[in-house]
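The structure appears below as structure tokens.
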Amino acid sequence: MNSVSEFRLDEATRQFLKSKFDFFEGMEGNDDVIVPESARPERLAEIHNLIGQTLSSQDAHTGIELAMAVAASVNISKRSATPNPVWMLFVGGPSSAKTACVEGLEGASELVHFVSDQTENAFISMYRHEGLKMPDEKQLLARLDGKCYAIRDLTSFFSGKAERVHKWLGDMTSIFDGKFRKETGVGELELKSVFSTIACITPAALNTYQKYMASVGGRFLFFPFQPLTDDEQYAGYQLMNTSEKKKLRDERLVQLRLLMAEHMIELSSMTSHCTLESSHITERLWNYAQFIAAGRSVDITEPQATEFGKDRYVTVDQQEEGPFRVFQQLLTLAQCLALVHGRSVITLHETDVLLPIVWGSIRSNRSRFLQAFRQTPYQGVTKDCIGHGNTVSERQVSRLISDAMTCGLIEQREGRYWAATKFVKVFEPARTINHFQDLPPSAELSPRYTINNIGGSGGGFFRQNPPVILSYCLRVYRRVHFSP
């Protein structure tokens, strides 16, 4: 049985709520509010139920959990002396549910800054009107501080001119560490800002820039949405094949976004309660980080003349990425996933959720090639088996093998090729994730933000604790509009 805290709204607080939220006008009988202390797992189960009733993609369950975790992660990043914010791209084909997962964050506008498109100079503008520059606090970079930057669709931007994309990626690389300084002919401007980022993009648009993103230093993690199966496509059709079903689905989407907002608002005041994880979990995350860093290494090539008079490019060196930045990102993301799940420690469930991100965040050509090793990670494979699984020419197979060995992702022993010994756990087949069975029992629940010692001045308490007021408002709104 969940313990509860009960409090009453005084008139000052009621008037304050009415001034901020239209739906409080005319509401009666909401003076007494019961707040369960351990609501997150139950609420998360309800979120997953609604996902199943509105989206047919199985990846949507993981995607929505990741979206909430990324949005909440900025609080951990801001407390760090060296911020390593979580920036994530949802990568999938059109209509793969990736945008629906990101749009689920819309209910928490206090925590998330939404855009549909942007320009390459969006973060800081040196534009002057009648000799006056834009106030610092109105710059986009300043407005993003402490929030999640959610971009519905990066595909159109990445499909534009390459120099625009390079400029934006270069600015993002500089902004990542929490400070950005811009020097122009009309002056200089320096702003500090730490924010998380989540955006949607198609594989075709991303593939063009993966090498460039790695060459300037990887800052983004990628979560791949798999193509919908025939069953998933038909299930999606069944959700909207009549006007009544479509109307019901739309109503459930509203409920889903409200529940997600309530979940995230609670997390925004909870991130300091996640305790340190066990050593074997830390070691697994470190192993993940080493794998991503190796998989994002960039070949340095030079032209070399051939006997036919044409130059061909040969690899002369390799730019290797250190694993420290990505390790901090994975650690922060794992902590926030644990909080999303209602836990106070990171478990193997959180590392299982991260595994597709690990594989999705390395160069796509390497990820596809290495899938042959995931089927039998503790057994070597021959060159012929690799070629058959990748349906590429023998010359291409030789090139891919050489590249993977140079990166340290595979090794050769006894005439066969093996997954690198230190990465064999990463190569193990992924465990099937059940988001319902993996919810923690009540004994493992992490502490929830509770309301105590209200005294006689509820209005003052609410004004000093905005996450509480927002969570309360969403709970009342759902009770009024969706309760039978």
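Ranked by the mean number of other Cβ atoms within 10 Å of their residues, highest first, the peptides 294-304, 234-244 fall in the order 294-304, 234-244. Loop-resident GluC sites (Glu not before Pro) (DSSP state other than H, G, I, E or B) in the range 327-427 with no more than 10 further Cβ atoms inside 10 Å of their Cβ: E414. Rounded to the nearest 0.05, the FRET efficiency derived from the C-beta distance between D352 and R181 at R0 = 45 Å is 0.65. Seen from L370, the other residues with C-beta closer than 11 Å to its C-beta sum to a net charge of +3, counting Lys and Arg as +1 and Asp and Glu as -1. Counting Lys and Arg as +1 and Asp and Glu as -1 over every other residue whose Cβ lies under 14 Å from the Cβ of E394, the net charge comes to +2.
Computed extension gain for S402 through D317, at 0.36 nm per residue and net of the alpha carbon distance, reaches 29.3 nm.
When the Cα convex hull of the range 56-250 is projected onto planes of every orientation, the mean area is 13.1 nm². Pairs of Lys residues in the range 56-250 that lie 8 or more places apart, or on two chains, and have C-alpha atoms under 22 angstrom apart add up to 27.
FYI, it's all coordinate maths here, none of it is from the lab. The structure presented is a predicted model; accordingly, all values stated were derived computationally and were not measured. In this analysis, Cβ positions are derived from the backbone assuming ideal geometry, glycine residues included, and neighbour counts consider all displayed protein chains.
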